[in-house]
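Read the structure below first, then the notes.
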Amino acid sequence: MQLQSISKQLPNSIPISMVREDIDALTTLLAVYPEVNVLRGQKVLFKAIDPAYKDRKMEKISNAVDSVNAFSKNFKSNNAVSASKWLTDERDKMRDPQYYD
């Protein structure tokens with residue numbers, strides 16, 4: 001059985017020698033993966049992180065929140081108690097030992 005290098009098993013890894021030869025190899029991986037492990041041998045030397053990753057992630061989250069809010073405006077419930085209030089009340093009930101008697 002032939003051993004494979006760790007960078008073949010973990011696609012978000014790159015050896016330091018490849019980074020020294022061509023920095024574009026690292027930037028290409030950062031375009032695909034938000035975090036890339038740079039290896040020396042089979043140990044992680046450092047982790048390269050895409051600086052715009054958090055901004056893109058927060059933008060996706062805010063877009064999702066906006067779409068959920070727009071959806072919820074169209075479909076209001078006729079119940080007097082909101083789901084979050086009901087959940088909070090149920091959690092409070094479950095903390096009480098008498099709930100389990």
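Testing the spin-label approximation: label points 7 Å from Cα along Cα→Cβ at Lys47 and Glu21. State their distance in nm.
Those two pseudo-labels are separated by 2.7 nm.
Based on other C-beta atoms within 10 Å, arrange Val68, Val44 from fewest to most.
Working: Val68 10, Val44 13.
By the 10 Å Cβ count, ascending, the order reads Val68, Val44.
For Cα pairs less than 8 Å apart in space and 6+ apart in sequence, what is the mean separation divided by the residue count of the chain, i.e. the relative contact order in percent? Don't skip to the end; give the middle numbers.
Values: 61 pairs, mean separation 15.4, N = 101.
The value is 15 percent.
How big is the shadow of the Cα convex hull of the chain, averaged over all directions, in nm²?
Details: hull surface 56.4 nm².
Directional mean of the projected Cα hull area for the chain stands at 14.1 nm².
Roughly speaking, what is the stretch gain from Arg91 to Ala70, that is 0.36 nm per residue apart minus the C-alpha to C-alpha distance, in nm to one decimal? Don't skip to the answer; put the middle values down first.
Numbers: separation 21, 0.36 × 21 = 7.56 nm, distance 2.79 nm.
So the extension gain works out to 4.8 nm.
Test of understanding: ordering Tyr100, Tyr33, Tyr53 by Cβ neighbours within 10 Å, fewest first, what list do you get? Don't jump to the answer; show the numbers that get you there.
Values: Tyr100 6, Tyr33 18, Tyr53 13.
Ranked by crowding around the Cβ, least crowded first: Tyr100, Tyr53, Tyr33.
Out of Asn37, Asn69, Asn12, any idea which swings most in a Gaussian network model of the chain, alpha carbons joined below 10 Å?
Asn69
The numbers here are math on the coordinates, done by the rules we state, and not lab data. These numbers were taken from a predicted model, which means no experiment stands behind them. Ideal geometry is used to build each Cβ from the backbone, glycine not excepted, and the neighbour counts take in all protein chains shown.
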